[in-house]
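Bear in mind that the values in this text are calculations on the coordinates, not laboratory data. Please read these numbers as outputs of a predicted model, since none were measured by experiment. We place every Cβ from the backbone using ideal geometry, glycine too, and count neighbours over all the protein chains shown.
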Amino acid sequence: MTTERGPQIAASILTADFGHLDRVVRKLERAGVDRLHLDVMDGHFVPNLTFGPDVVAAFRRLTDLPLDLHLMVDEPDRYLGRFLASAPATVTFHIEAGGGPDPVRAVLRAIREGGAGAGLALNPGTPIEAAAPFIDDLDLVMVMTVEPGFGGQRFISAAAPKMRAAAELFAAAGRAGTVHVDGGVNRETAELAGAWGAEVCVVGSALFQRGRDASDEVEIVRQRAARGRLAGPPAGPVNGSAPGRERH
Ligand code: DX5
Ligand code: ZN
């Protein structure tokens, strides 16, 4: 998933101007993002609401970029067919919402049968071991470095080592899976994200800052993440407070 240019950048439009999504998409395409990351929230699994399958379909009409659907919803199977109708590249849901091993596995398989890559997202406090039983049905693991629900939060560095653990799980199973990192990734945190093995960096609010050019942010995040990947993880104890404590 990483290209010769470095880790991929998936743009999250959560903090974009929803009144002008066509312009937002053009701007992101011009800025050189690799993928669009669409955050679907239901007001139950997370205390926020965004959009559903019809808006995802609108994005599909607006762009040929690969769409990564990040479902922050209870009952992830409920509207799955309608989401899959937009031919997303991947569909990721939260293991915390899955309702037990059998339903989780069934949804992962339904995603794949629908032609998309299947992913599980893990909240900052959820250990990587929770994903292990599903490794054969997974194409990606999304490590959350914020509590899901809102853009613009601070990167929880204590959750970052799970990226390396996820890559090790895929390797041990002999599977080619991709590691996404989602939450608080920007020019300050990209190197650490890369160091722990991020292959797809989800970048939201950093692309929509007043007075900063989105193309510059894409390149800087990509380069710093690539530099981090080369350098590897920092030595010593992980620097950061307990998962879930750094909400800003
Ligand atoms: C949080 C979302 C993220 C987030 C990314 O619930 O899943 O995709 O919007 O935005 P930033 O980069 O601002 O954390
Ligand atoms: Zn997301």
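Residues in region 224-229 carry Karplus couplings, in order, of 5, 5, 5, 4, x, 4 Hz; the curve used is 6.51 cos²θ - 1.76 cosθ + 1.60 with θ = phi - 60°, and Gly or Pro positions show x.
The alpha-carbon atoms of region 17-86, seen along their principal axes, cover 35, 24, 19 angstrom, with the largest extent given first.
Amide H contacts for VAL73 (H built 1.01 Å from N in the peptide plane; partners 5 or more residues away or on another chain; cut-off under 5 Å): HIS94. Per residue, the convex hull around the alpha carbon atoms of region 22-164 comes to 116 Å³. Remark: the chain is approximated by an ellipsoid whose semi-axes, taken from the C-alpha gyration tensor as √(5λ), come to 24, 23, 17 Å, largest first.
Among beta bridges identified by DSSP and lying wholly in the chain, the antiparallel ones come to about 5 percent. Kirkwood hydrodynamic radius of region 117-248, from the reciprocal of the average inverse Cα-Cα distance over all distinct pairs: 14.8 Å. For the chain, the mean residue ellipticity at 222 nm estimated from helices alone is -9000 deg cm²/dmol, where every DSSP H run of n ≥ 4 contributes -39500 (n - 2.57) and the total is divided by all residues, rounded to the nearest 500.
Could you state the number of Å between the C-alpha centres of region 130-173 and region 189-208? Their Cα centres are 13 Å away from one another. Rounded to the nearest whole Hz, the Karplus-based 3J(HN,Hα) values (6.51 cos²θ - 1.76 cosθ + 1.60, θ = phi - 60°) of region 149-159 follow the sequence x, 9, x, x, 8, 7, 4, 8, 5, 5, 8, with x at glycine and proline. For the listed peptides 192-200, 143-151, a ranking on the average number of other beta carbons within 10 Å per residue, highest first, reads 192-200, 143-151.
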